[in-house]
Amino acid sequence: MAQTHYDVIIIGAGMSGMAAGIRLAYFDKSVCVLERHYAAGGLNSFYALDGHQFDVGLHAMTNYVRPGTRGAPLTKIFRQLRLTPEDFGLAPQHHSEVRFPGKTLRFNNDFRCFVQDVVDNFPAQADHFVRLVKHIQEYDELDLEAPPRSGRAVVSSFLSDPLLTDMIFCPLMIYGNAQERDMEFGQFVVMFKSIFCEGLGRPREGVRRIITALRRKLREVGGTVRMKCGVQALNAEGTRITSVTLDTGEILTANTILSSAGYVETMRLCGTDHATLAPMEGRLSFVEIISILDQPMKHLGHDATIIFYNTGKEFHYETPKNLVDARSGVICCPDNFLFDKPLPESMIRLTCLANFDGWNALDEPAYLRAKTEWLPKIQQEVLHFIPDFRHHVVYTDFFTPRTIQKWTGHLNGAVYGAPEKLKTGKTPIENLFICGTDQGFLGIVGAMLSGISMANLHVLKRAHAR
Ligand SMILES: Cc1cc2nc3c(=O)[nH]c(=O)nc-3n(C[C@H](O)[C@H](O)[C@H](O)COP(=O)(O)OP(=O)(O)OC[C@H]3O[C@@H](n4cnc5c(N)ncnc54)[C@H](O)[C@@H]3O)c2cc1C
């Protein structure tokens, strides 16, 4: 039987894989997106439990700008994917906060308010901060060849107050850093611009709306998506992948493979031995508690959209020794985006760093017991910052790093993938490239940009150059 051949096979129907697929199919490449699960979206998918609708990941989309804002990443995504702002239907946040003992910084989608708040709270740091902002704004974070630099070292060369430094790093690390304790400076700049300079937004329908828009566009431009279609092996001859074996045993061929499965995960598919790859695995993961409430948090007097909190003297961004580190985390109230009508169900999301190995070692009864033990501990910790909502909870789901690994294939449930990124997307195999999380642009917007730029760089530009 003849094997099916494509110009490009893409592994994964997450944000980066779908964006790459649209871009390539639009330019008449034959494209097949292969996804192991029955639902698209990967790290940011959706599910239903007992009649309640949940998003896996979506707290907020970063990079929110008003429609048509020139030069912004979101505008670039709409242009390159031939989508419109209406396709995503983003509503802006009300405001968010970074809360540390004795200090609060507020930000919204107007960067000047954040600068003013830093100046008001840290007057002795005002000039230093303004110089740091200038340095960030002039930095070219899209330079794929830039050597990695320590973000903490660069920021500390501008700011002398460690509290302000920690308060700035806290949201940027929690929302997009695969490295423990430090953050590569280029990645710091990406996240600073995405969260503070631009801002946060969310579709009222959650991530479903974004996934639906991407899938519809992919279909319209002629791309193929095959769900429940895992890639079991990438078969190499010399330095090229010559065929792709699916979980079913079916064999496909393609000129180019783009993989969003993660670098280590992809190289394992090529047969590279596990021990060689182990040092490159990502480790940082999270637990998330999503509670449906009988009323929005604003009825209890809480109007912040997101709070990034830290209760300790210092901010520790590292794999916890316990199952969870509840000393820092995120409190997200989706009702507190400026939607034109209320959400069908009110909810609150609590997110904390977690230890994959610890959760993974538990047998089923111990795993369920651990969830029951950690739920009230995490709730208790966040009550330092928000009104007591516990009597308003009508349903709760609690997922762990183990859940994340199970549903996305990312080893160790590593939400931001490997600590070392492959910015050029190149692998040792000449027709295999990485897009998404391990290429280095993180979050929903970052992943889509990654898919677009890797498709442009490794398929469309090469074809043009021939
Ligand atoms: C709890 C949580 C909260 C988050 N919150 C936010 C947020 O508020 N805002 C934000 O912007 N981002 C958030 N993120 C991050 C964001 O979801 C990711 O950065 C982004 O979705 C990554 O997309 P991706 O395409 O790179 O990878 P993925 O989403 O991981 O896509 C990879 C896909 O490949 C598939 N796959 C893997 N192996 C195979 C195989 N062998 N064969 C076939 N298919 C395979 C997987 O099933 C998956 O669908 C969050 C993530 C999590 C987990």
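Here is how the numbers come out for the structure above:
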| read-out | value |
| --- | --- |
| Per residue accessible area in Å² of the stretch 192-315, where ligands, DNA and RNA are left out and the probe is 1.4 Å | 38 Å² |
| Projected area averaged over orientations for the stretch 395-451, convex hull of C-alpha atoms, nm² | 5.0 nm² |
| Cα pair distances in the stretch 175-264, grouped into 5 Å bins until the bin that holds the longest one, percent each | 2, 9, 12, 13, 14, 15, 16, 12, 5, 1 |
| When the convex hull of its Cα atoms is projected in every direction, mean area for the stretch 333-466 (nm²) | 12.6 nm² |
| Evaluated over the chain, the Cα radius of gyration and Dmax, each in Å | 21.6, 73 |
| Cα-based radius of gyration of the stretch 106-239 once divided by 2.2 N^0.38 Å, which approximates compact folds | 1.41 |
| Carbon + sulfur, % of accessible area of the chain - ligands and nucleic acids excluded, 1.4 Å | 52 percent |
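The values are calculated or read from the model by the stated rules, or taken from the named source; none is laboratory data. Being a predicted model, the structure only gives us computed values, none of them experimental. Side chains included, ligands, DNA and RNA excluded: accessible areas come from the protein's heavy atoms. Shrake-Rupley method; radii C 1.70, N 1.55, O 1.52, S 1.80 Å.
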